[in-house]
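The values are calculated or read from the model by the stated rules, or taken from the named source; none is laboratory data. Computed from a predicted model, the values in this text were never measured in an experiment. Areas reflect the complete protein model, heavy atoms only, side chains present, ligands, DNA and RNA absent. Shrake-Rupley method; radii C 1.70, N 1.55, O 1.52, S 1.80 Å.
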Amino acid sequence: MRTSEDRSFLILLAAISIAFAWVLWPFFGALLWAILLAIIFAPLYRRALETLPGKHNLAALFTVVVVIVMVLIPVAIVIASLIDQGGELYQRVQNGEISFEHPLQQLKSALPGWAASISDRLASIDLSALRERLSGLVVPAGQQIAGHAFNIGQLTLEFVASLLVMLYLLFFLLRDGDELNARIRDALPLRPSHTAEILNAFILAVRGTIKGIVLVALIQGALGGLIFWLLGLTAPLLAGALMALLSLLPVLGSALVWAPVALYLLVAGAVTKGIILLAFGTFVIGLADNFLRPILVGQSIQMPSYVVLIATLGGLAAFGANGFVIGPLVAAMFLTAWQIYIGSKMQKEIRK
């Protein structure tokens with residue numbers, strides 16, 4: 001009888017939990033980032049609490065203010081600048097100031113004699129038509145990106161509500177984080193050792209993902225934007241943002257931006273700028289990941305690059321922009337859970 005009642009209660013508990021998750025789903029992004037920021041800034045909160053002993057509310061409020069100043073305000077400034085430079089780039093492509101016709105002509109004239117067949121093929125290309133086709137692809141894409149950026153930049157009611165909910169939750173997650181952590185440990189139907197290992201892996205994965213993936217991507221984007229600005233290239237902030245975004249993907253990453261631009265400069269006749277960009281991209285931007293990731297991540301998260309790539313792409317496809325964090329987190333938890341299972345199975349076999 002008791003077993004039947006327990007099963008009924010578990011079914012009811014699962015149904016209520018699913019219903020509650022459905023209610024919270026519209027604010028999934030706010031909840032996600034509140035949890036991530038709470039984990040990342042928890043050490044700062046503890047230091048503030050040491051300075052202000054017993055004043056949990058004040059320490060949490062101080063930490064939230066730091067998050068606003070260090071994260072939200074810079075992000076807002078960058079988005080505003082991206083909108084401006086994105087619109088400028090769109091206008092230059094639309095007006096024909098940025099053209100692929102001249103670089104193709106330069107490439108054709110620079111071909112050696114043994115490449116006569118390639119030259120003949122290039123001669124048969126209608127460069128004007130090619131420019132129109134490329135512009136026809138770039139301009140609508142620029143319109144779409146500018147439209148999305150404009151929508152993001154607008155302080156709509158939904159955006160403001162999500163932001164306020166995130167900050168509100170962040171305050172309480174910081175203040176009551178230890179108590180919530182203890183309740184989660186007690187509620188999970190797992191062995192205490194397994195629960196501690198999984199929760200610890202989750203915290204390490206969050207910090208490792210942000211520091212090892214997001215922070216490295218931001219640094220690479222900043223370096224890319226800097227070299228674009230120093231070389232006097234168009235829309236350096238936009239280029240840096242694209243490099244930061246693509247740096248989230250292992251293997252090619254930011255090279256998908258600076259390498260084609262460097263090739264364009266070389267073919268267009270700006271050889272010095274092309275060589276500088278190529279060298280800077282290869283030896284500074286490209287190697288930054290190899291040097292910075294081990295320093296910033298340490299032992300926080302250890303995943304093969306191909307797992308990170310697949311998890312990031314899958315996360316983006318399933319969850320949109322939030323997927324670049326969710327994907328690696330799910331992958332890290334997946335690997336941790338299987339490591340626990342394999343370890344438990346090996347211990348059982350040893351005992352036998």
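Here the accessible area of the range 160-216 is 66 percent carbon and sulfur, with a 1.4 angstrom probe and all protein chains present.
In the context of the full set of protein chains, residues of the range 169-242 present 51 Å² of accessible surface per residue (probe radius 1.4 Å, heavy atoms only).
Surface exposure of the range 1-73, expressed per residue as accessible area with a 1.4 Å probe, stands at 71 Å².
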